[in-house]
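> Questions regarding the structure given below will be posed in turn.
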Amino acid sequence: MGSLVLVVDDETNIIDVCTVYLEREGYQVISAGNGEEAIRLWRLHHPELIVLDLMMPGKTGWQVCEEIRNEQDVPIIMLTALGDETDRLMGLTMGADDYLTKPFSPRELVLRANGIMRRMQRSKPDARNADVRQPAHLMKFPGLEINVLHRSVRVNGKEIELTLKEFELLHVFVGHPEQVFSRNQLLGQVWDTDYDGDTTTVTVHIRRLREKIEENPSEPRYIKTVWGIGYKFEGREMT
């Protein structure tokens, strides 16, 4: 059976179109027409991906996203009004992994969903090949520890929670210390190679990542801005 996707929108025609295209790709789809129903279905069925409209009566998409993020790191693709940058930035800041602006191509939604699910599969440990006698692969830097196998991160000994995209960003950086990445390069690395999106997504995710791993996000120790180019990770791995 395909991965389970929860589609949340108060417009039934959007739910219908998303359902047709996602099911054609092999996904299972459940849907909700409001935020309250979305939370109920999320708790009941534990979907692997959520497609979430921000502007809904009653409990808004922002509130749904915030409530889910407080409990689980399920990937969220948010749907926003065309050209409404404030909505996109707020949604990304609250923890959404990606966004589409209305009107959007359902084929593009499928591509975004496929990209997210491929990355989730690649990030899961392979129990068949893992040797339980060996410790999980650790990458240690002063004050920062990344467990690649378990997708966990500790800062000064305290475990912190990262979303899928935040962890992927950090993994790219620590795997290539001192290498400068442009925002477009990071889009390709983390949002899949055929992704063509707004680099604002990268900027917001970098800010969120800094807020979680940096002692002083305004003067970062690890993820440095290279003005006019992009970002790089500074730190020597401990042996």
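> Run lengths n ≥ 4 of DSSP H only: what is the helix-derived mean residue ellipticity at 222 nm for the chain, with -39500 (n - 2.57) per run over all residues, to the nearest 500?
That calculation yields -12500 deg cm²/dmol at 222 nm.
> Here is a further query. Only bridges with both residues in the range 3-99 count here: give the DSSP antiparallel percent, nearest 5.
Of all bridge pairs located within the range 3-99, approximately 0 percent are antiparallel.
> Of all alpha-carbon pairs in the range 1-78, indicate the percentage at a distance above 20 angstrom.
22
> A follow-up question, please. Just the number, please: carbon plus sulfur as a percent of the accessible area of the chain, 1.4 Å probe, no ligands or DNA/RNA counted.
That share works out to 49 percent.
> Sort 202-215, 143-156 for me by packing, meaning the mean count of neighbouring Cβ atoms within 10 Å per residue, highest on top.
Taking the mean over residues of other Cβ atoms within 10 Å, the ranking is 202-215, 143-156.
> Further, regarding this structure: Hey, what angle do you get for helix 12-24 against the long axis of the chain, alpha-carbon based, 0 to 90 degrees rounded to 10?
Roughly 60 degrees, rounded to the nearest 10.
> Given a 1.4 Å probe and the protein chains all in place, what does the accessible area of V7 round to, in Å² to the nearest 10?
Spelled out: V7, probe radius 1.4 Å, area about 0 Å².
> Using a basic spin-label model with each label point 7 Å from the Cα along Cα→Cβ, how many nm lie between R207 and N13?
3.4
> While we're here: With a 1.4 Å probe and all protein chains kept in place, how do M56, M94 rank by accessible area, largest first?
M94, M56
> When ligands, DNA and RNA are left out and all protein chains stay put, how many square angstrom of accessible area per residue does the chain have with a 1.4 Å probe?
On a per-residue basis, 51 Å².
> Using a cut-off of 21 Å between alpha-carbon atoms, which lysines can reach K102, once sequence neighbours fewer than 8 places away in the same chain are excluded?
Within reach: K59.
> Sticking with this one: Taking only C-alpha pairs under 8 Å that are 6+ residues apart, what is the relative contact order of the range 1-111 in percent?
Relative contact order here is 25 percent.
> Restricting the count to DSSP beta bridges whose residues both fall in the chain, what percent are antiparallel, rounded to a multiple of 5?
50
> Please state, as a whole number in µm²/s, the translational diffusion coefficient that the Stokes-Einstein equation yields for the chain at 10 °C and 1.306 mPa s, with Rh defined as the Kirkwood radius across alpha carbon pairs.
Answer from the Stokes-Einstein relation: 85 µm²/s.
> Now, a different point. Only four residue types carry charge here, +1 at the Cβ of Lys and Arg and -1 at the Cβ of Asp and Glu. Report the dipole size of the chain about the Cα centre in Debye, rounded to the nearest 20.
900
> Moving on to the next point. Using θ = phi - 60° and the Karplus curve 6.51 cos²θ - 1.76 cosθ + 1.60, what whole-Hz ³J(HN,Hα) does each residue of the range 139-149 get, with Gly and Pro shown as x?
Per residue, the Karplus-derived 3J(HN,Hα) values read 10, 10, 10, x, x, 9, 10, 10, 9, 5, 5 Hz.
> What is the sum of charges around V153, taking Lys and Arg as +1, Asp and Glu as -1, for the other residues whose C-beta is under 14 Å from the C-beta of V153?
Around V153, the surrounding residues sum to 0.
> Also, I was wondering about something else. Along the Cα→Cβ direction, 7 angstrom out, place labels at Q179 and N156. What is the inter-label distance in nm?
Between Q179 and N156, the label points sit 3.0 nm apart.
> Right, next: Of C65, V20, F141, which is farthest on the positive side of the dipole of the chain, counting Cα position, with +1 on Lys and Arg Cβ, -1 on Asp and Glu Cβ, and the Cα centre as origin?
F141
> Continuing with the same structure: Given a 1.4 Å probe and heavy atoms of the protein chains only, how would you sort E71, E161, E237, E37, largest accessible area at the top?
Ranking E71, E161, E237, E37 by accessible area, largest first, yields E161, E71, E237, E37.
The values are calculated or read from the model by the stated rules, or taken from the named source; none is laboratory data. Worth saying up front: this structure is predicted, and the values here are computed from it rather than measured. Note that we place each Cβ from the backbone using ideal geometry, even for glycine, and neighbour counts take in every protein chain shown. Just so you know, the surface numbers come from the protein's heavy atoms only, side chains and all, with ligands and any DNA or RNA stripped out. Shrake-Rupley method; radii C 1.70, N 1.55, O 1.52, S 1.80 Å.
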